[in-house]
Amino acid sequence: CSLGIKEFSETKLLMGTTIEIKVWMFDEVIAKKSISDAFDEIARIENIFSVYKPESEISQLNKNGSAIVSDEVIQLIKKSNYFSEISAGAFDITVLPIIELWKNSKKKGKMPSPSEIESTKKLVGWRNILINEKNKKITFAKKGMKIDLGGIAKGYAVDCAVEYLKKTGVKTGMVNAGGDIRCFGGKLWKIALQNPRDKNDFITVLKIKDKAVTTSGDYERYFFLDKTKISHIINPLSGYSADESISSTIIADNAAAADALATATYVLGPKDGVKLVQLYKVAECLIIDKERKIYKTTGFAHYE
């Protein structure tokens, strides 16, 4: 009955990364329209949540410290706060002031001082995001607070694209946003996990069906300051670049959860990261520590 089904795919640059959408369908016209509309859905999410777009709801909130926002923003902030709570603050969307401090230090070419980090850390704390759901208003408890949903919004955009594809009649497909992957339908997908220290090597090959896979690591985006490697993932609790792991891969039911858990477990390090995922129960993880030792949850092997 699969005779006549073809693979259709398209790639676009959105949310600061390469996004690929693949679908399996009989009808080329419907397939291409579904893919095009799914890309529009991802662009819509980017326009709401991007800190790089001055008119986005998040940019306006960061600028003013308080704003009336869409229900979608409230729900994703609430979801982010849930992951902050279960990770004891290892995942925290209020980390943006520290990220900006490190970006400015990179421009100046020198490390931020311990006192600069300590004073900026006072602006970090997800519990200081005040949510008034009835009036659809978000307020920051401290002046100078800013949020960045980069650690969950890409996964959320993947989920929205998948749900859109399903609505338009696509039964089998895959959305890959720069390593935030979600597959759906009856197909078994093989996904190679890259060795973080060797682009030509892989750690394992995952066999995934109807799941999301996300990896956070120090090997794609980083820079050096005073001969110190600074990863783009900052530990909100210390104010410094997270350095307990070199990568963390999460398998979960949806890409938003996989995205947030990948960041949280990367920050926590292998032992506490594995503990968190086992506590969460509906996800699996593989974490590589800085000595290149591999840690896994008990159920991870089911996907290898």
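Couplings 3J(HN,Hα) for the range 290-300, derived from phi with the Karplus relation 6.51 cos²θ - 1.76 cosθ + 1.60 (θ = phi - 60°), are 5, 8, 6, 7, 9, 10, 9, 6, 4, x, 4 Hz, where x marks Gly and Pro. Membrane-span-like helices in the chain, defined here as complete DSSP H runs extending at least 20 Å along the helix axis by their C-alpha atoms with mean Kyte-Doolittle hydropathy no lower than -1.0, are 28-49, 71-86, 150-167; this is a sequence and geometry rule, not a statement about a membrane.
Counting only heavy atoms of protein chains, what accessible area per residue, in Å², does the chain have with a probe of 1.4 Å? Value for the chain: 49 Å² per residue. Within the chain, which is the longest segment containing none of the chymotrypsin sites (Phe, Trp or Tyr not before Pro) that sit in a DSSP loop and have at most 16 other Cβ atoms within 10 Å? Excluding the exposed sites themselves, the longest stretch runs over 53-218. The alpha-carbon of Lys271 sits under 16 angstrom from the alpha-carbons of these aspartates and glutamates, leaving out residues fewer than 8 places away in its chain: Asp243, Glu244, Glu284, Asp289, Glu291. In a simple Cβ point-charge model (Lys, Arg +1; Asp, Glu -1; nothing else charged), the range 51-125 has a dipole of about 460 debye relative to its Cα centre. Summarising the amide proton neighbourhood of Ile233: residues at separation of 5 or more, or on other chains, whose placed amide H is nearer than 5 Å comprise Ala242.
Apolar share of the accessible surface for the chain: 51 percent from carbon plus sulfur atoms, 1.4 Å probe. Distance check, please: which entries in Lys106/Lys275; Lys32/Lys275; Lys79/Lys110; Lys190/Lys281; Lys154/Lys199; Lys142/Lys296 exceed 32 angstrom between their Cα atoms? Over 32 Å Cα-Cα: Lys106/Lys275; Lys32/Lys275; Lys79/Lys110; Lys142/Lys296. Between the range 40-77 and the range 253-275, how many Å separate their Cα centres? For the range 40-77 versus the range 253-275, the Cα centre distance is 24 Å. Amide H contacts of Gln194 (H built 1.01 Å from N, in plane; Pro and chain starts excluded): Ile203 sit under 5 Å, all sequence-distant by 5 or more or on other chains. Only DSSP H runs of four or more residues enter the estimate; each adds -39500 (n - 2.57), and after division by the residues of the chain the mean residue ellipticity at 222 nm equals -11500 deg cm²/dmol.
The values are calculated or read from the model by the stated rules, or taken from the named source; none is laboratory data. Small disclaimer: the values here were computed from a predicted structure and weren't measured. Cβ atoms come from the backbone with ideal geometry, glycine included; neighbour counts cover every protein chain shown. SASA here: full protein model, heavy atoms, side chains in, ligands and nucleic acids out. Shrake-Rupley method; radii C 1.70, N 1.55, O 1.52, S 1.80 Å.
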